[in-house]
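Input: a single structure, listed below in structure tokens.
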Amino acid sequence: MLIKGTKLPFKAVRGMKDILPEEIDVWNHLERLARQVFQAYHYREIRTPIVEETEPELFVRGVGETSDIVSKQMYAFPDRKGRSLALRPEGTAPVIRAYLEHGLDRQGSLLKLFYLGPFFRSERPQAGRGREFHQIGAEAIGSENPALDAEVIALAIHLLKAFGLEGLKTNLNSIGCPSCQPDYRKVLIKYLRSKSDSLCSDCRDRTERNPLRVLDCKREKCRPLIEKAPSISGYLCPACAEHFQRVQTHLDDLGVEYSLDPYLVRGLDYYTRTAFEIAYEHLGAQNAVAAGGRFDGLIEELGGVSTPAVGFALGMERVILAKGKELEMPTCRISVYLAPQGEEAGRETVKLLQRLRGEGIDSDMDYQGRSLKSQLRLANRLQAKYVVIISEKETVILKDMQSGEQEEMEQGLVVKKIKEKLS
RNA sequence: GUGGGCGUAGCUCAGGUGGUUAGAGCACCAGGUUGUGGCCCUGGUGGCCGCGGGUUCGAAUCCCGUCGCUCACCCCA
């Protein structure tokens, strides 16, 4: 409790949240499920530092200089020697950095990695979007086989289903490659400029800055124009078109349901060809719960030998938000609670408690010298299975909190008895 | 960065047009029950009414500012 008359001296940083004991079971549960699923798909975990140096421009070159993430959302700061550091705003660039730094490309053919942890972007907080947020992601590096695109998409969906999410919608598109996207881009810009008067002000801006982004403008005003806009699908080069077709065939073979969405665009510059997004309808404005795609140019951009790769990331907070109260886990339980009565009994209780714990039985005791009544009340709230009442006598009382039955026994026997009952 | 909504007890929220000691439910503590939980009953702890200024005889209430939270835009998982 705070001293009377004072207000909170410290607060969590804006947009960053404490995960409290009552919430942590959900997180651990999801992470445990995720690890199982990744194991089934043969992805191995990698953990990269939360901080990266910005000087060789890892994020600028990876994510894109003009992207909002780099241009205005990155937490960057100098360290003691004046080097510029940044809290990682996304996971792919650091994973590729580690991949190149440790020569993981020389250890085998295809490398499949997953990661989970916090990321940071200095955006305005909103439902499903914090300044610190947690992602689970995967990257499959070293093949342009469309079957791998399909695997990654299937993996993302598999994870979300394992988390218990229903009613997901998967959208798919191909945004081409460096040999065809620029041509489309020119055509699109030309079209958009011709309609510039009818577009919203944001879209006029986007036309010059990031024309593909105009395609997923939500404004009523822009919709009809967008629907008449040239579609990327007509401009894909033969190689991209075939790749996209084969991704779809594989998804069909896998029984994955998806919709083609020619307006789907990714915000990060490194994406090529396959782009996908998995949305949960009732989430509010931020309804993409997972998204990803292919990034065949990133590794070369970061100084490696040109290597194709696909991946995705999934937002933990959004998953938890989507699950809402459905996901509530059983609250904290304890097997045995010890209720000492009086000072002398306290010493015996501490010893008994240690013996129980030595046997691996989760147990606790009252340390506050409270009345038996309030100790039992607490034990009840903790959903204790058994309570041991210890008085100054030789014998103790073992009470079954569910049935209410209790029996008196020698103190030496109680640990053995509890072990029997719990097994 | 831009716009809307909201800041009253640990939590969820009441408190018409300003008017005495600011309320309820939940939670917490104690008692009813000569150390025995849940249900019920009774009582109790807990509030600079976000902060600062203004209007007024008088402000939780009206006005301005500020900070915080929240939703949305932008952008993104």
Point-to-point label distance, A:SER259-A:LYS421, nm (Cα→Cβ direction, 7 Å offset): 5.7 nm
log10 of Debye I(q)/I(0), alpha-carbon scatterers only, for segment A:8-106 at 0.20 Å⁻¹: -1.14
Taking chain A and dividing mean pair separation by its residue count, relative contact order in percent (alpha carbons under 8 Å, at least six apart): 15 percent
Share, in percent, of DSSP beta bridges within chain A that are antiparallel, nearest 5: 80 percent
GNM flexibility winner over chain A from A:GLY293, A:GLY358, A:GLY234 (Cα, springs under 10 Å): A:GLY358
Estimated [θ] at 222 nm from DSSP helical runs (n ≥ 4, -39500 (n - 2.57)) normalised by residues in chain A, nearest 500: -10500 deg cm²/dmol
Between segment A:100-155 and segment A:331-357, the Cα center-to-center distance that results, in Å: 47 Å
Solvent-accessible area, 1.4 Å probe, carbon plus sulfur percent, for chain A: 49 percent
Rounded accessible area of A:ASP364 (nearest 10 Å², 1.4 Å probe): 50 Å²
All aspartates and glutamates inside 17 Å of A:LYS393 as judged from Cα atoms, apart from same-chain residues fewer than 8 positions distant: A:GLU343, A:GLU344, A:GLU348, A:GLU407, A:GLU408, A:GLU410
Where A:SER306, A:SER423 fall by accessible area, highest first, once all protein chains stay in place (1.4 Å): A:SER423, A:SER306
Extension reserve of the A:ARG370-A:GLU343 stretch, reckoned as 0.36 nm per residue once the Cα distance is removed: 8.6 nm
21 Å Cα-Cα threshold exceeded, pairs from A:LYS11/A:LYS323; A:LYS17/A:LYS323; A:LYS385/A:LYS416; A:LYS72/A:LYS323: A:LYS11/A:LYS323; A:LYS72/A:LYS323
Per-peptide average of other Cβ atoms within 10 Å, ordering A:260-267, A:30-37 highest first: A:260-267, A:30-37
Interatomic Cα distance distribution for segment A:214-255, bins of 10 angstrom, percent: 25, 30, 32, 14
Eligible aspartates and glutamates near A:LYS186 by straight Cα distance, threshold 14 Å, same-chain separation 8 or greater: A:GLU208
Accessible area, probe 1.4 Å, largest first, for residues A:MET74, A:MET316: A:MET74, A:MET316
Å² of accessible area per residue within chain A, as computed with a 1.4 Å probe and no ligands counted: 55 Å²
Top of A:ARG370, A:ARG44, A:ARG121 by mean-square fluctuation, Gaussian network on chain A, Cα under 10 Å: A:ARG370
Sequence of A:TYR270, A:TYR367, A:TYR235 from largest to smallest accessible area, 1.4 Å probe: A:TYR367, A:TYR235, A:TYR270
Prolate/oblate/rounded call for segment A:146-221, Cα gyration tensor, a/c under 1.5 rounded: oblate
Normalised alpha carbon radius of gyration of segment A:202-296 [divisor 2.2 N^0.38 Å]: 1.16
Candidates A:LEU378, A:LEU87, A:LEU251, ranked by Gaussian network fluctuation over chain A, Cα under 10 Å, top entry: A:LEU378
Taking the convex hull of Cα positions in segment A:336-422, its mean projected area over all directions (nm²): 4.9 nm²
Rg to Rh, two decimals, where chain A supplies the alpha carbon set and Rh follows Kirkwood: 1.12
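The values are calculated or read from the model by the stated rules, or taken from the named source; none is laboratory data. From a predicted model like this one, the values you see are computed outputs, not experimental measurements. Note: ideal-geometry Cβ built from the backbone for every residue, glycine included; neighbour counts use all protein chains shown. Quick note on the areas: whole protein, heavy atoms, side chains included, nothing else; ligands and nucleic acids left out. Shrake-Rupley method; radii C 1.70, N 1.55, O 1.52, S 1.80 Å.
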